[in-house]
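Here's the structure we're looking at; comments come further down.
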Amino acid sequence: MSVTTDRLASLIQRELASIVNTEVKDKSFGYINLTEVKVTKDVSYATVYYTILSDEPEIIDKAKEAIDKSKQTIRMELAKKIRNIRKIPDLIFKYDEALAYGNNIDKILKTIK
């Protein structure tokens with residue numbers, strides 16, 4: 001059975017949402033929200049975009065370190081949950097700056113008023 005990359009990306013995002021927040025042990029930055037997953041056509045890589053509630057660079061760096069430390073465990077847990085594909089893609093986690101950018105624009109608009 002062939003699964004399209006869009007459906008696979010959606011499935012990975014759904015499963016990773018619970019896995020990431022249970023496997024990442026450092027809770028100083030709070031909840032990690034996955035915003036998007038993009039899978040390459042050959043299903044070898046999946047880029048996972050995430051956000052956290054804080055805009056402070058130190059906390060964002062802490063979250064990135066914690067995710068990178070747990071990356072292999074997260075991938076193994078994902079493999080246990082998704083069984084209908086041959087190969088689980090390598091996960092690349094990237095901080096999604098769109099939310100921070102939107103909050104910055106919102107602050108600027110509020111100061112203008």
Under unit Cβ charges (Lys, Arg +1; Asp, Glu -1), what dipole magnitude, rounded to 20 debye, does the chain have relative to its Cα centre?
460
Once whole DSSP H runs in the chain are found, which of them have Cα atoms spread over 24 Å or more along the helix axis and a mean Kyte-Doolittle score of at least 0.5?
none
Using Cβ counts within 10 Å as a stand-in for footprinting exposure, how do Arg83, Arg75, Arg7 rank, fewest first?
Arg83, Arg7, Arg75
Can you tell me what percent of all Cα-Cα pairs in the chain are more than 23 Å apart?
34
Whole-Hz Karplus ³J(HN,Hα) for the stretch 41-53, in order, using 6.51 cos²θ - 1.76 cosθ + 1.60 and θ = phi - 60°, x for Gly and Pro?
4, 8, 6, 8, 9, 10, 8, 10, 9, 9, 9, 10, 6
Enumerate the lysines that Lys38 could reach by cross-link, defined here as Cα to Cα under 27 Å, with residues fewer than 8 away along the same chain left out.
Lys25, Lys27, Lys62, Lys64, Lys69, Lys71, Lys80, Lys81, Lys87, Lys94
Spatial separation of Cα centroids for the stretch 82-112 and the stretch 30-44, in angstrom
9
Restricting to the stretch 5-112, compute how many DSSP beta bridges are antiparallel as a %, nearest 5.
50
Suppose only helical runs count, i.e. DSSP H with n ≥ 4. What mean residue ellipticity at 222 nm does that imply for the chain under -39500 (n - 2.57) per run, divided by all residues and rounded to the nearest 500 deg cm²/dmol?
-16500 deg cm²/dmol
So what is the relative contact order for the stretch 43-111, in percent, with contacts set as C-alpha pairs under 8 Å and at least six apart?
56
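Taken together, the values in this text are just the output of simple stated rules run on the coordinates, not laboratory data. Please read these numbers as outputs of a predicted model, since none were measured by experiment. When we count neighbours, we look across all protein chains shown, and the Cβ atoms used for this are built from the backbone with ideal geometry, even at glycine.
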